[in-house]
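Just below is one structure, and these are the notes that go with it.
The values are calculated or read from the model by the stated rules, or taken from the named source; none is laboratory data. Since the structure is predicted, the reported quantities are computational estimates derived from the model, not experimental observations. For neighbour counting, all protein chains shown are included, and Cβ atoms are generated from backbone atoms with ideal geometry for every residue, glycine included.
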Amino acid sequence: MITKQQWMEIEQLERICNKLENIQLKLNWDMLRTRKPDQQDDYIAIRDERIVGFLGLYHFGKKMEVCGMVHPEYRRQGIFTSLLGQALPQAKRMQYHEILLNAPANSASAKGFLSSLQVEYSFSEYQMTYYRQSMEAQKAAHPENEPAILRQARPADRADLTALDVKCFDYSEFAAQQYYEATINEPDSVTYIIESSGSTAGKVRLVFEDTVSWIYGFAIYPKFRGQGIGRYILTRLIAQETAAGRDLRLEVALNNPRAMKLYESVGFIPTGVQDYYLYPPANYIK
């Protein structure tokens, strides 16, 4: 079990790595902060009485993502390879249909390491930050008739929350149920149901990290699309969070141009890119 002091050291290590390469690691702190005491998904390397390496595993049903880092002064010593070997023994690997390694697209050190593993590029996603509200967005924020409302999710919404992940994000039913259990009561976050004409039209989740509000899991049922609901809800969230003095960020896959167009139209701009690499079973560390 990683102690509170060690988590502070990991945060400091992240800042060092980010500053050196001008990158933004995706360590999913909203998930790290809610790790259970018996959950063995985080691995550290200690040298000279300090943490110099970290690797975290993130589970999404039958898919697992891996992200980590090594202190610049301790690279090329096999530390991350060792952490992978600890984190991905054969028994754990066999439980997943897909394992993805994540790294900032502009990290030269990560690219060098990944090339040594012979992994296969899978996809990329933009990290986007809200910077202004366009005139179009301002008008959409105050329509004559509100197309939807936001309300906090209740236990009775479980079926819709999982169904939206299945329909909109291609989750398996098992993965959607697992994601629901992991996030619905997560501290420093809130899950909203989007309602239109008395029916559930979609969902969205906010995760609060320092002075930043992250938008996750934004989904609209197909039959409610094309009605301006997504744009309206985004502008509502923008108004709500900026009034509270918080920045807004989100992530979107590069192969989702429709979502990209929507986010850009209300004032989000790309501020970073994360690459994902498929770790084929044949290349797993033995």
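Screening region 152-174 for residues that are at pLDDT 95 or above and touching a helix residue (DSSP H, G or I) at 6+ places or on another chain (Cβ under 9 Å) and picking the one that is farthest from LEU206 (Cα to Cα) gives ALA163. Based on what the data block shows, is THR200 of a type outside the set (Gly, Ala, Ser), at negative phi and within 22 Å of the chain's Cα centre (by Cα)? Considered against the rule, which asks whether it is of a type outside the set (Gly, Ala, Ser), at negative phi and within 22 Å of the chain's Cα centre (by Cα), THR200 comes out as no.
Scanning region 93-127 for residues that are touching a residue at least 24 places away in the same chain (Cβ under 8 Å), over 18 Å from HIS71 (Cβ atoms) and not aliphatic (A, V, I, L, M) yields a total of 16. Selection over region 68-96 of residues that are assigned to a strand (DSSP E or B) and of a type in the set (Val, Ile, Thr) gives a count of 1.
Screening region 112-145 for residues that are out of contact with any strand residue (DSSP E or B) (no Cβ under 7 Å at 6 or more places or on another chain) and at pLDDT 85 or above and picking the one that is surrounded by the fewest Cβ atoms within 10 Å (Cβ to Cβ) gives SER116.
Could you check region 3-37 and list, in sequence order, the residues that are without any contact (Cβ under 8 Å) to a residue 24 or more places away in the chain and either more than 21 Å from SER189 (Cα to Cα) or among the hydrophobic types (A, V, I, L, M, F, W, C) (or both)? Break it down into steps so the answer makes sense when it comes.
Residues of region 3-37 without any contact (Cβ under 8 Å) to a residue 24 or more places away in the chain: 3-5, 8, 11-12, 15, 18-19, 36.
The answer is THR3, GLN5, MET8, GLN12, ARG15, ASN18, LYS19.
The listed residues are ILE23, ILE99, and the only one of them that is under 27 Å from LEU206 (Cα atoms), among the hydrophobic types (A, V, I, L, M, F, W, C), outside the structural domain of SER213 (by TED's automatic domain parsing) and in a loop (DSSP other than H, G, I, E, B) turns out to be ILE23. In region 44-67, the qualifying residues are those that are surrounded by fewer than 18 Cβ atoms within 10 Å (Cβ to Cβ) and assigned to a loop (DSSP other than H, G, I, E, B), and the one that is modelled with the lowest pLDDT is LYS62. Screening GLY78 with (1) touching a residue at least 40 places away in the same chain (Cβ under 8 Å); (2) exposed (fewer than 15 other Cβ atoms within 10 Å of the Cβ); (3) within 22 Å of LYS111 (Cα to Cα) gives one miss only, at (1).
Can you name the strands (runs of 3 or more DSSP E) wholly within region 170-286 that have at least 2 residues being basic (Lys, Arg) and either under 30 Å from PHE80 (Cβ atoms) or assigned by TED's automatic domain parsing to the domain that holds ILE149 (or both)? Here the list reads 199-209.
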